[in-house]
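Colleague: Mind looking over this structure? Questions follow.
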Ligand code: TA6
């Protein structure tokens with residue numbers, strides 16, 4: 001989509017398109033409630049800050065790659081149509097192929113409550129069918145207001161059922177990982193990716209004092225990131241999924257990643273709304289599937 005074609009989606013004093021240095025286009029939303037930045041490459045929210053807050057909801061690495069074919073480290077990357085390693089072991093990229101492709105703008109609107117909604121989409125092409133041989137349309141509905149609402153909508157345009165896994169791989173900004181607790185997972189089973197996928201049971205809130213990479217199953221209800229350092233709580237309400245992934249790379253893994261500063265692990269935590277691990281989703285031909293998350297920040 002050419003930059004000139006985007007003009008019709010602008011909303012005066014509320015939604016603008018900006019061409020940035022790396023040749024990518026950002027959507028800048030600034031309404032009475034909040035500010036947000038969204039990349040049309042990758043369909044990825046990079047920043048969200050309600051007007052009542054000083055700090056961003058999201059972490060984006062200073063060393064993030066902004067290159068065609070690479071994922072941007074931070075914000076809300078979309079993992080689709082698989083989460084994690086290639087499920088068929090064909091050497092395809094981890095976390096699927098839509099987080100490193102260009103998306104189209106489908107619509108934009110101001111809502112009566114002062115929030116702004118923008119919808120981006122991506123559909124199958126020769127390039128995607130080489131990797132995954134199914135027709136599809138994938139939309140992301142992003143509503144920027146007192147909260148940030150995301151709906152990832154898979155339209156199965158194929159003549160047969162498709163099976164996917166997926167995640168909103170959200171990187172939350174935290175003041176100091178040592179002062180963070182994640183609640184809402186107490187008593188749930190998880191697969192521990194740093195211990196050969198051993199099955200374990202969560203006891204109490206999740207605290208991070210080493211590498212954590214866990215797939216929690218049977219999740220229902222709200223998750224809360226309690227951040228004593230920033231003096232805030234982030235509430236995560238999800239639907240269309242019963243899996244949550246919690247990831248922090250800790251020191252050694254962070255240092256091995258070219259797109260993270262060595263000490264970035266102290267400023268981020270991924271808490272992901274997902275259909276992943278044992279939970280996959282079969283979508284009948286011609287049907288839609290919605291994975292939704294709403295993020296709300298409150299002071300402690
Ligand atoms: O969601 C957690 C995880 O799958 C980890 O296993 C780790 O590999 C991470 O994602 C990688 O995320 P990235 O954004 O670097 O591709």
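The values are calculated or read from the model by the stated rules, or taken from the named source; none is laboratory data. All values derive from a computational prediction rather than experimental measurement. Counting neighbours? That spans all protein chains shown, and the Cβs are built from the backbone with ideal geometry, glycine included.
Results for (1) in a loop (DSSP other than H, G, I, E, B); (2) within 16 Å of the ligand (Cβ to nearest atom); (3) closer than 16 Å to residue 45 by Cα; (4) in contact with a helix residue (DSSP H, G or I) (Cβ under 9 Å, 6 or more places away or on another chain), shown as yes or no for each residue.
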residue: 119; (1), (2), (3), (4): no, no, yes, no
residue: 141; (1), (2), (3), (4): no, no, yes, no
residue: 153; (1), (2), (3), (4): no, no, yes, no
residue: 157; (1), (2), (3), (4): yes, no, no, no
residue: 160; (1), (2), (3), (4): yes, no, no, no
residue: 163; (1), (2), (3), (4): no, no, no, no
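Colleague: Only residues that are part of a loop (DSSP other than H, G, I, E, B) and in contact with a strand residue (DSSP E or B) (Cβ under 8 Å, 6 or more places away or on another chain): list them for region 14-32, please.
Modeller: Step one: of region 14-32, the residues part of a loop (DSSP other than H, G, I, E, B) are 14, 20-24, 31-32.
14, 20, 24, 31 - these are the residues of region 14-32 that are part of a loop (DSSP other than H, G, I, E, B) and in contact with a strand residue (DSSP E or B) (Cβ under 8 Å, 6 or more places away or on another chain).
Colleague: Can you name the condition, by its number, that residue 260 falls short on among (1) touching a strand residue (DSSP E or B) at 6+ places or on another chain (Cβ under 9 Å); (2) in a loop (DSSP other than H, G, I, E, B); (3) away from the ligand (no atom under 12 Å from the Cβ); (4) modelled with pLDDT of 95 or more?
Modeller: (3)
Colleague: Then there is this: Just name the residue that is nearest to the ligand (Cβ to nearest atom) out of those in region 33-77 that are in a loop (DSSP other than H, G, I, E, B), over 20 Å from residue 261 (Cβ atoms) and within 16 Å of the chain's Cα centre (by Cα).
Modeller: Looking at the filtered set, the residue picked out is 42.
Colleague: Here are some residues: 234, 215, 225. Which one is in contact (Cβ under 8 Å) with a residue 12 or more places away in the chain, within 15 Å of the ligand (Cβ to nearest atom), under 16 Å from the mean Cα position of the chain (by Cα) and surrounded by 14 or more Cβ atoms within 10 Å (Cβ to Cβ)? Even if it seems obvious, please write down each step before you answer.
Modeller: Numbers: 234 fails: within 15 Å of the ligand (Cβ to nearest atom); 225 fails: within 15 Å of the ligand (Cβ to nearest atom).
Matching residue, one of 234, 215, 225: 215.
Colleague: Next up: Scan region 79-106 residue by residue and report those that are more than 11 Å from the ligand (Cβ to nearest atom), within 15 Å of the chain's Cα centre (by Cα) and in a strand (DSSP E or B).
Modeller: Of everything in region 79-106, just one residue is more than 11 Å from the ligand (Cβ to nearest atom), within 15 Å of the chain's Cα centre (by Cα) and in a strand (DSSP E or B), namely 80.
Colleague: Please pick out the residue among 205, 284, 249, 278 that is modelled with pLDDT of 95 or more and within 19 Å of residue 71 (Cβ to Cβ).
Modeller: 249
Colleague: Here's a follow-up. Scan region 288-296 and give yes if some residue there is within 24 Å of residue 137 (Cα to Cα) and either in a loop (DSSP other than H, G, I, E, B) or within 16 Å of the ligand (Cβ to nearest atom) (or both), otherwise no.
Modeller: Yes: one or more hits.
Colleague: Moving on. Counting just the residues of region 263-282 that are in contact (Cβ under 8 Å) with a residue 24 or more places away in the chain, in a loop (DSSP other than H, G, I, E, B) and away from the ligand (no atom under 11 Å from the Cβ), which one comes out farthest from residue 153 (Cα to Cα)?
Modeller: Filtering first and then ranking leaves 267.
Colleague: Something else: Would you point out the residue of region 186-208, among those that are under 28 Å from residue 232 (Cα atoms) and within 15 Å of the ligand (Cβ to nearest atom), that is surrounded by the most Cβ atoms within 10 Å (Cβ to Cβ)?
Modeller: Residue satisfying both the conditions and the ranking: 190.
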